[in-house]
Amino acid sequence: MTESLDTSWFTEVFDSHGSAFSLKVREKLWDVTSAYQHLEVYATETYGNLMVLDGCVMLSDRDNFLYHEMIAHPALFAHSAPKRVVIIGGGDCGTLREVLKHPGVEHVTLIDIDEEVTRAAERFFPALTESNDDPRAELLFADGVKWVDEADDESVDVVIIDSTDPVGPAEGLFKVDFLKRCHRLLREGGVMVQQSESPLYHSGSIIRELRRDMHAAGFESVATLPFPQPVYPSGWWSVTLAGKGADVNAFREADAATSDMALDYYTAEAHRGALALPPFMRRAFAE
């Protein structure tokens with residue numbers, strides 16, 4: 001049985017690839033326009049609460065663990081002993097929560113330009129913000145690019161770029177000049193990771209260009225890891241890692257396999273499998 005969409009559905013249309021994603025909603029819980037973007041929160045029938053920025057789905061209660069675990073844990077396990085971590089973006093604080101599950105991490109600075117995202121997360125996604133009071137956490141509401149410019153050379157072990165799509169406030173985070181600044185910020189053996197859009201839709205464009213720009217910025221190794229993400233365009237997403245004196249195509253498998261962290265998707269096996277890219281992605285990157 002099919003059902004036509006009406007005002008009881010939230011729909012994100014992805015015109016460039018002729019597709020759309022919809023969730024049936026019960027009510028709109030929040031609607032605010034900040035200095036940077038339009039933020040909405042909906043209560044859905046089957047995905048819990050849903051956060052939307054400028055009409056684009058950011059996260060849902062039901063499946064955000066996929067993204068947050070895969071942007072955090074592969075990068076931290078690719079580093080030999082991460083102690084200081086910086087998150088650019090990530091105002092919903094889910095990535096912060098995952099990073100703080102690593103007992104060896106001593107300090108995490110999260111820099112998001114829009115405080116409204118964090119306040120909405122505290123109110124409507126409290127599970128994501130449960131680690132915000134961890135003494136190792138520092139939350140700043142500021143321009144992440146400017147913060148990186150002013151940070152000391154070789155002062156961080158892992159940089160996580162937890163950004164929205166490469167338009168608007170996040171556009172500068174996908175430029176080679178910014179990647180060079182992140183390279184400067186990292187200590188030898190450092191790792192950076194960036195969300196890198198859909199493997200199905202963007203392997204031959206955004207992801208390929210990001211990988212090339214990472215190499216141009218001075219990173220010796222690059223790895224793209226795909227994973228499922230139902231609420232994002234195509235239902236399939238990716239993160240791309242880059243290493244400064246570190247091989248991000250390898251990771252601390254024994255540590256990942258024996259970790260007692262409470263996780264729902266990431267495992268050593270999932271990490272290893274994500275490194276084995278399908279042929280269409282390898283061809284796209286070689287073009």
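The values are calculated or read from the model by the stated rules, or taken from the named source; none is laboratory data. Every value quoted in this text rests on a predicted model; they were computed, and no experiment measured them. Neighbour counts run over all protein chains shown; Cβ positions are idealised from the backbone, glycine included. In case anyone asks, the SASA skips ligands and DNA or RNA and just uses the protein heavy atoms, side chains included. Shrake-Rupley method; radii C 1.70, N 1.55, O 1.52, S 1.80 Å.
Some observations on this one:
- Yes/no for Leu128 being aliphatic (A, V, I, L, M), under 27 Å from Leu39 (Cα atoms) and in a loop (DSSP other than H, G, I, E, B): yes
- Condition check for Phe124: open to solvent by 10 Å² or more (accessible area, probe 1.4 Å), among the hydrophobic types (A, V, I, L, M, F, W, C), within 30 Å of Ser8 (Cα to Cα) and over 13 Å from the mean Cα position of the chain (by Cα): yes
- Residue in region 58-116 that is surrounded by the most Cβ atoms within 10 Å (Cβ to Cβ), counting only those that are among the hydroxyl-bearing types (Ser, Thr, Tyr) and under 13 Å from the mean Cα position of the chain (by Cα): Thr95
- Residue in region 118-137 that is among the charged types (D, E, K, R), more than 15 Å from Leu59 (Cα to Cα) and in contact with a Pro (Cβ under 9 Å, 6 or more places away or on another chain) present: no
- If the condition is being part of a loop (DSSP other than H, G, I, E, B) and surrounded by fewer than 20 Cβ atoms within 10 Å (Cβ to Cβ), then region 38-57 contributes Glu45, Thr46, Gly48, Asp54, Gly55.
- Summed over region 121-141, the residues that are aliphatic (A, V, I, L, M) and over 19 Å from Thr44 (Cβ atoms) give a count of 3.
- Checked against the criteria, Ala72 counts as assigned to a helix (DSSP H, G or I) and touching a helix residue (DSSP H, G or I) at 6+ places or on another chain (Cβ under 9 Å).
- Applying the set (1) without any contact (Cβ under 8 Å) to a residue 40 or more places away in the chain; (2) surrounded by fewer than 21 Cβ atoms within 10 Å (Cβ to Cβ); (3) touching a helix residue (DSSP H, G or I) at 6+ places or on another chain (Cβ under 7 Å) to Ser34 leaves exactly one unmet item: (1).
- The sole residue among Pro233, Pro169, Pro226, Pro199 that is surrounded by 17 or more Cβ atoms within 10 Å (Cβ to Cβ) and modelled with pLDDT under 95 is Pro169.
- Listed by first and then second residue, the pairs with beta-carbon distance under 7 Å, at least 6 apart or on different chains, first residue in region 190-213 and on the phi > 0 side of the Ramachandran plot and of a type outside the set (S, T, N, Q), second in a helix (DSSP H, G or I) and open to solvent by 30 Å² or more (accessible area, probe 1.4 Å), are Glu197/Ile206.
- Scanning region 98-118 for residues that are under 12 Å from Leu139 (Cα atoms) and not polar (S, T, N, Q) gives His107, Val108, Leu110, Ile111, Asp112, Ile113, Asp114, Glu115.
- Residues satisfying the stated conditions in region 242-282, i.e. among the aliphatic types (A, V, I, L, M), open to solvent by less than 60 Å² (accessible area, probe 1.4 Å) and outside any helix (DSSP H, G or I): Ala242, Ala246, Val248, Ala250, Met261, Leu263, Leu275, Leu277
- Residue check, Val231 aliphatic (A, V, I, L, M), within 16 Å of the chain's Cα centre (by Cα) and part of a loop (DSSP other than H, G, I, E, B): yes
- In region 119-159, the residues that are more than 15 Å from His68 (Cβ to Cβ), without any contact (Cβ under 8 Å) to a residue 60 or more places away in the chain and touching a Lys or Arg at 6+ places or on another chain (Cβ under 7 Å): Asp149, Asp153, Glu154
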